[in-house]
1. What number goes with the only condition from (1) surrounded by 17 or more Cβ atoms within 10 Å (Cβ to Cβ); (2) among the aliphatic types (A, V, I, L, M); (3) over 18 Å from PHE99 (Cα atoms) that VAL214 does not pass?
2. Can you tell me how many residues within the range 217-234 are open to solvent by 20 Å² or more (accessible area, probe 1.4 Å) and under 12 Å from PRO101 (Cβ atoms)?
3. For the range 205-235, which residues satisfy the criterion of being in a loop (DSSP other than H, G, I, E, B) and within 25 Å of PHE107 (Cα to Cα)?
4. Consider SER244 against the criteria (1) in contact (Cβ under 8 Å) with a residue 12 or more places away in the chain; (2) open to solvent by 70 Å² or more (accessible area, probe 1.4 Å): it satisfies all of them except one. Which criterion is unmet?
5. Any idea which residue in the range 86-105 is nearest to ASP144 (Cα to Cα), counting only those that are within 17 Å of the chain's Cα centre (by Cα) and not in a strand (DSSP E or B)?
6. Note down all Cβ pairs under 7 Å where the first residue falls in the range 11-28 and is over 13 Å from CYS95 (Cβ atoms), the second is modelled with pLDDT of 90 or more and assigned to a loop (DSSP other than H, G, I, E, B), and they're at least six residues apart or on different chains.
7. From the residues in the range 138-158 that are out of contact with any helix residue (DSSP H, G or I) (no Cβ under 7 Å at 6 or more places or on another chain) and of a type in the set (A, V, I, L, M, F, W, C), which one is surrounded by the most Cβ atoms within 10 Å (Cβ to Cβ)?
8. Taking LEU81 as meeting all but one of (1) buried (at least 21 other Cβ atoms within 10 Å of the Cβ); (2) not in a strand (DSSP E or B), write down the number of the exception.
Amino acid sequence: MRQPRGDSRGILDPARLMRQVRFRRHLPAAPLQRWIEHYWLIDWELTEPFEQRVVPHPAVNVVFQRDGDRPERAEVAGVGLDVFSIVLAGTGRVCGVQFRPGGFHPFWRRSVAELTGRRRHFAELADRWPPAAAPPPVICSGTDADRCRALDELLTSWAPRPDPVTDEVLRLVEAIRTDRTVRRVDEFARDHGLSVRRLQRLFLTRVGVGPKWVIRRYRLHEAIERATDGPPHWAALAAELGYSDQAHLIRDFTAVTGTSPGTYSPRPPRTGAGC
């Protein structure tokens with residue numbers, strides 16, 4: 001039986017996150033699992049503000065958040081190109097939906113690249129959704145089961161439809177995610193019987209970013225995960241991940257995380273964390 005992902009890939013200093021907030025993941029209803037990675041729920045009650053930074057996955061997230069007694073707000077977060085940072089304070093709740101890379105298109109029904117690098121409030125997108133897609137009044141209330149059920153009902157109401165192109169893109173991205181030998185777009189396209197041009201067009205339209213970006217992002221997630229577990233042998237890791245040399249990996253790591261590998265040494269969490 002499929003379980004929610006248990007790693008902390010993309011989260012910078014996941015142990016600190018787990019100390020500050022209550023974080024968990026749940027699977028959506030079975031018919032939605034072909035498109036959705038998981039739901040992620042966060043609750044907090046803080047005595048002082050807390051900042052969390054995340055290196056985003058190549059995935060769209062739909063996020064509902066309530067801070068204290070303020071009204072709940074909802075937004076769609078396209079694939080993030082840079083580190084995402086958020087400051088939490090007081091009390092609050094978040095209910096998030098992380099779609100599988102390529103899995104948001106059946107709900108959005110437009111080029112996902114329109115959302116890349118952007119966070120849009122639901123109200124701004126009202127004319128682009130199906131009539132039933134307006135968010136319900138409350139998502140972030142009740143038990144975990146209540147919150148997941150509300151998300152199931154909302155996403156089912158958008159009437160996503162399976163299609164072979166989305167299934168193809170889901171398989172292609174999964175191949176990149178799980179096979180660390182994938183390093184070049186031209187070789188990957190050839191191995192899957194595609195032209196580079198068609199592969200790029202599929203990824204931009206359905207995922208929101210190109211295949212080269214996806215390859216590099218998953219390689220960097222791997223490097224961050226290894227660094228979280230303890231200082232790796234950077235030269236060997238660079239070679240394993242397909243970087244030209246250690247310096248290239250270190251430049252990539254520092255540019256994206258804002259922290260050099262030498263100063264990034266958080267302790268791993270006891271349980272999986274991540275969005």
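The values are calculated or read from the model by the stated rules, or taken from the named source; none is laboratory data. Predicted model, so just to flag it, every value in this text is computed and none were measured. All Cβ positions, even for glycine, are placed from backbone atoms using ideal geometry, and neighbour counts span all protein chains on display. For the accessible areas, the whole protein counts, side chains as well, though only heavy atoms, and no ligand, DNA or RNA atoms are used. Shrake-Rupley method; radii C 1.70, N 1.55, O 1.52, S 1.80 Å.
1. Result: VAL214 passes all but (3).
2. Of the residues in the range 217-234, 0 are open to solvent by 20 Å² or more (accessible area, probe 1.4 Å) and under 12 Å from PRO101 (Cβ atoms).
3. VAL207, GLY208, VAL209, GLY210
4. With (1) in contact (Cβ under 8 Å) with a residue 12 or more places away in the chain; (2) open to solvent by 70 Å² or more (accessible area, probe 1.4 Å) applied to SER244, the lone miss is (1).
5. Looking at residues that are within 17 Å of the chain's Cα centre (by Cα) and not in a strand (DSSP E or B), I get ARG100.
6. Here the result reads LEU12/VAL55; GLN20/LEU46; LEU27/GLN33, each pair linking the range 11-28 to a residue that is modelled with pLDDT of 90 or more and assigned to a loop (DSSP other than H, G, I, E, B).
7. The selected residue is LEU151.
8. (1)
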